[in-house]
1. Grab the helices (runs of 4 or more DSSP H) fully contained in the stretch 255-361, keeping just those with 3 or more residues being within 15 Å of ligand 1 (Cβ to nearest atom).
2. Can you go through 213, 139 and tell me which one is closer than 27 Å to residue 50 by Cα and hydrophobic (A, V, I, L, M, F, W, C)?
3. With the requirement that a residue be assigned to a loop (DSSP other than H, G, I, E, B) and under 27 Å from residue 151 (Cβ atoms), what does the stretch 179-211 give you?
4. Which of the strands (runs of 3 or more DSSP E) found entirely inside the stretch 55-172 contain at least 1 residues meeting this: surrounded by fewer than 18 Cβ atoms within 10 Å (Cβ to Cβ) and in contact with a Pro (Cβ under 9 Å, 6 or more places away or on another chain)?
5. In the stretch 129-148, is there at least one residue being more than 16 Å from ligand 2 (Cβ to nearest atom), free of Cβ contacts under 8 Å to residues at least 40 places away in the same chain and within 27 Å of residue 64 (Cα to Cα)?
6. Anything in the stretch 319-353 that is under 20 Å from residue 242 (Cα atoms), within 13 Å of ligand 2 (Cβ to nearest atom) and not hydrophobic (A, V, I, L, M, F, W, C)? List them, or say none.
7. Do we find that residue 243 is surrounded by fewer than 16 Cβ atoms within 10 Å (Cβ to Cβ) and in the same structural domain as residue 121 (by TED's automatic domain parsing) in this structure?
8. Does any residue in the stretch 230-243 that is at negative phi come within less than 6 Å, Cβ to Cβ, of a residue that is of a type in the set (Val, Ile, Thr) and modelled with pLDDT of 95 or more six or more places away or on a different chain, and which pairs are these?
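The values are calculated or read from the model by the stated rules, or taken from the named source; none is laboratory data. Everything quoted here is computed from the prediction, not taken from an experiment. Neighbour counts run over all protein chains shown; Cβ positions are idealised from the backbone, glycine included.
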Amino acid sequence: MPEKLQSSFWAQFAESKFGPNKKLIVSDSGDKVRITKMTIIIKKENIAPLIKDLQRKYDVYAPVRKGDLYLFEEIKGKKKIELDYSTTILPPKNIFFPTRHTLMNFNKNRVKIPKFRRRILLFGIHPYDAQALLILDGIFTDDPHYSERRKNSIIVTVNDKRTPNAFYTELDHNYNRATDLFLEDTGDFYIATPKTKFGREILNSKFFEERKINTNNKASGKSGSKLLNLGGIKSSIEKGADRKIWAEIAEKCLGCGICSYVCPVCHCFDIEDKINLDKVSGCRCRIHDSCMLYEFSLILGRINFREKLQDRIHNWYHHKFVRAPLERGVVDCVGCGRCITFCPAGIDIKGILNRLQSGTG
Ligand code: SF4
Ligand code: SF4
């Protein structure tokens with residue numbers, strides 16, 4: 001982690017999540033391991049009762065099915081969770097950094113900041129989404145609105161088996177680093193591997209049991225695919241916005257910003273003050289924004305410093321693959337593939353990265 005991120009808040013945050021002197025727990029190697037020892041498991045039929053039990057203590061969010069798609073929703077009543085899912089439309093960042101977040105309500109000179117009393121438990125997210133949250137933690141280090149929700153939250157990940165367009169195995173992230181408890185689907189049951197004290201807290205539930213098993217366990221979300229050449233991608237992007245590749249993308253792109261809204265790492269926002277009709281009360285909100293939108297770079301006097309869509313597209317890639325690694329030591333992409341799946345123009349970031357890395361863009 002870059003030195004400048006090691007602020008006192010971040011140190012406290014790491015300690016509260018991972019225990020003293022541990023900070024971040026590094027994952028298993030990902031190699032295949034033959035297990036012949038007592039292992040903690042949870043049967044699939046015990047997931048629903050476990051969630052019900054956890055709801056007494058936490059606000060539980062998990063993937064649910066909506067037609068052919070999936071969403072993360074707060075689990076209340078009889079809502080059925082779906083752990084064998086492809087990917088959700090919107091990422092889990094929206095739980096800690098909502099699309100529209102009321103930062104404060106005001107009435108004359110009185111100000112009220114909404115408080116959250118219960119801890120959030122995010123159950124069944126994929127390891128790439130957990131990695132995205134870890135990246136956001138570094139970005140929102142000093143943001144009390146994000147941190148208040150996030151700092152005592154618990155992340156339970158489950159291995160991903162079928163996310164379309166995903167390429168997280170080609171990025172050099174450590175995808176198990178951000179999880180508190182990792183569940184690996186073996187068919188009839190999940191093998192539960194705690195990574196932090198928060199993960200061990202969940203294992204106290206009566207629904208987990210010990211079992212002697214003998215199986216091949218691949219604990220990591222990685223599969224040894226060839227990694228993208230991030231150095232080559234960076235050099236191509238640094239050649240500037242007037243290259244052929246950006247013009248080609250701009251011909252197809254609608255400038256709609258969907259790629260930013262579905263991205264688990266994009267974090268542009270705007271602040272909006274809404275005044276009620278009484279003219280003395282209202283609220284201040286933070287709303288998601290996208291640097292792909294024309295209005296994003298429009299300033300006073302109707303001057304737009306990124307008027308051309310081509311420049312905005314180049315900036316989107318530049319931020320993720322050049323500025324973010326320089327500022328924070330990590331690319332702002334976890335390879336979830338959502339921006340490919342949901343782009344109405346069929347623009348494929350993976351194909352673009354392949355061209356950039358080989359210098360053909
Ligand atoms: S979602 Fe596709 S069309 Fe819309 S701004 Fe992003 S790349 Fe362009
Ligand atoms: S840029 Fe695309 S692939 Fe990368 S994290 Fe964002 S949505 Fe996923």
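1. Passing ranges, in order: 258-262, 309-318, 338-341, 349-358.
2. Of the residues listed, the single one that is closer than 27 Å to residue 50 by Cα and hydrophobic (A, V, I, L, M, F, W, C) is 213.
3. Correct list: 179, 180, 195, 196, 204, 205, 207, 208.
4. Once the strands (runs of 3 or more DSSP E) in the stretch 55-172 are filtered for at least 1 residues that are surrounded by fewer than 18 Cβ atoms within 10 Å (Cβ to Cβ) and in contact with a Pro (Cβ under 9 Å, 6 or more places away or on another chain), what remains is 69-74, 100-107.
5. Yes; the residues of the stretch 129-148 include at least one that is more than 16 Å from ligand 2 (Cβ to nearest atom), free of Cβ contacts under 8 Å to residues at least 40 places away in the same chain and within 27 Å of residue 64 (Cα to Cα).
6. 319, 320, 348, 351
7. no
8. 234/322; 237/322
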